[in-house]
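Accompanying notes for the structure given below.
Just so you know, all these numbers are worked out from the coordinates, no wet-lab data involved. On a predicted model such as this, the values are computed, not experimentally measured, just so you know. When we count neighbours, we look across all protein chains shown, and the Cβ atoms used for this are built from the backbone with ideal geometry, even at glycine.
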Amino acid sequence: MAMAFEPEHAALQGFKTIIEPFRIHSTQQIPFPTREERLEAIRKAGWNLFGLRSEDVIIDMLTDSGTGAMSARQWAGMMEGDETYAGSRSYYAFRDAVHEITGFQEVIPTHQGRAAERILFSILGGKGKVIPSNTHFDTTRANVEYSGAKAVDLVIQEGRIPSSEHPFKGNMDIAALDKCISEVGAENVPVVMLTVTNNSGGGQPVSLENIRAVRAVCDKYKVPFFLDACRFAENAWFIKMREASCAHMTPMEIANAMFAQADGCTMSAKKDGMANIGGFLAMKCPEVAARCRDLLILTEGFPTYGGLAGYDMEAIAIGLREALDPLYLCYRARSTAYLAEKATSAGVPIMKPVGGHAVYLDASALLPHIPREEFPAQALALALYVEGGVRGCEIGSLMFGDVAKMELVRLAMPRRTYTQSHLDYVGEVIERVAAKARAKELNGYRIVEQSQWLRHFTVKLEPLQAYKL
Ligand code: F0G
């Protein structure tokens, strides 16, 4: 994939390798369980990859959430953490970083993204309400529904077709949004959400033009507009690369322009906050923010720490800015694209174009012999684990039940964690699994035990035929 460089990074021009823009400063041992040990581990875990222990896994691509490596600057910042209960200096550093990027005055720290969601939807949600989004992430959908409201996904048509090459497949279907609000009545739509990048839809970006169009619909109906901003920096990078009118802007300027359209955001700092834990809720409206703070105190903490240590807030304040470094974003997009090239050359169909934080393998195309009731994406994810110790994540009927639009396996890229040779290894594992898939050696699964909410975390499965050794 062609990748334009920033002029200030001219030193890199002429070389095709986009190297990791960091040196490794401390390392962690990778465990190497054997194939037999892996089979035993996954059997014990009820064929649920969430049930494994980290020592069972060789390359962990379950999530890019909280799994990244922090920079030396972040670690140094943590030493400056101010653990004062009320009015901590670290809160103000955190608040200023969030304000610089989002422009929002009201900044409420939370222990992670879903806490921000729960607080927001406890206030705005409720029975009879409808909350549209391009695609709600699973915790967002669960928090909306838990409040009694209905979560509606209105991504553009191309966003539902894995092979479509649309540059902004995360875009909201503007006509559908307008129709949805006019049908249910603006008074029943307390907020419109937009997930950037669209995680459940394949890590696909949303264009600035589309963000502005969502704003226009929200203005027409006088409905607030919030971003689910977890991967705002990656989204900004894709806008820079793919939206001609923004090519000259820095990622920070693009991020500013994105947030300028919204009334608020929920954020998991475990993604583009480059931190291992944390999140926030930020907004313009002081009245809604005051109600959010009331709830915050009930379960998260005092408004100047909200469930975070002072040092966490320092790490996030630094991480949010690091995530917008063009050299980092260029390397990040390139490594994801590199893994996608490996999958493609192994003959495994992927969600196109490549998203920001993950490669999504299209299981229904690879495993046409496994019907969706038998969870083809889970079958593929399990095979990647058994064959090579690579842990990915099913995003299909197991996660979403009947509302699943696609059967995908997400191989998420922890930030600044794995090198190119780790990705070469993952590529080989994909090749091996693809050969087994084509030989119809992979089988479906059935559920033996499940919970009511977010069942994929704890579900227990059983292979329909014994896993071939
Ligand atoms: N919104 C999006 C788009 C997400 O991807 C996530 C988390 C959340 C909200 C919730 O944030 O985990 O801090 O509570 N996504 C992780 C993932 C879990 O693996 O994609 P959280």
Report summary line: Least to most buried among Ile395, Ile161, by other C-beta atoms within 10 Å and fewest first, runs Ile161, Ile395
Query raised in the report: For Phe104, Phe280, Phe121, what ranking results if the residue with the fewest other Cβ atoms within 10 Å of its Cβ goes first?
Result: Phe104, Phe121, Phe280
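Peptides 319-327, 180-188: what's the order by average Cβ count within 10 Å, highest mean first?
Working: 319-327: 20.7, 180-188: 14.1.
Answer by packing, highest mean first, reads 319-327, 180-188.
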Report task. Run the dipole for segment 72-322 about the Cα centre, Lys and Arg Cβ at +1, Asp and Glu Cβ at -1, nothing else charged, and hand back the magnitude in debye, nearest 20. Result -> 360
Requested in this report: Report relative contact order for the chain in percent, whole number only (criteria: Cα-Cα under 8 Å, sequence separation at least 6).
Outcome: 22
Report summary line: Per the C-alpha gyration tensor (a ≥ b ≥ c, the square roots of its eigenvalues), segment 278-320 is rounded if a/c is under 1.5, else prolate if a/b beats b/c, else oblate; here it's oblate
Report task. Let me see the pair-distance distribution of segment 308-385: every alpha carbon pair, 5 Å bin width, integer percents in order. Result -> 3, 13, 16, 16, 13, 10, 10, 10, 6, 2, 0
Query - Descending semi-axes in Å of segment 192-292, equivalent ellipsoid built from Cα gyration tensor - result: 21, 18, 12
Report task. Sum -39500 (n - 2.57) across every DSSP H segment of at least 4 residues in the chain, then divide by the residue count to get the 222 nm mean residue ellipticity, nearest 500. Result -> -12000 deg cm²/dmol
Query raised in the report: For segment 72-322, rounded, prolate or oblate, judged on the Cα gyration tensor with a ≥ b ≥ c (square roots of eigenvalues), a/c < 1.5 rounded, else prolate if a/b > b/c?
Result: oblate
Query raised in the report: Where does each of Cys285, Cys265 land when they are ranked from fewest to most other beta-carbon atoms within 10 angstrom?
Result: Cys285, Cys265
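Under 1.5 on a/c is rounded, so check that first for the chain, then, if it is not, pick prolate when a/b is larger than b/c and oblate when it is not; a ≥ b ≥ c are the square roots of the alpha carbon gyration tensor eigenvalues.
Since a/c stays below 1.5, the shape of the chain is classed as rounded.
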Report task. With viscosity set to 1.306 mPa s and temperature to 10 °C, compute the Stokes-Einstein D of segment 157-220, Rh being the Kirkwood radius across alpha carbon pairs; µm²/s, no decimals. Result -> 128
Report summary line: Projecting the Cα atoms of Pro190, Asn235, Thr250 onto the charge dipole of segment 72-322, where Lys and Arg contribute +1 and Asp and Glu -1 at Cβ, the residue farthest towards the positive end is Pro190
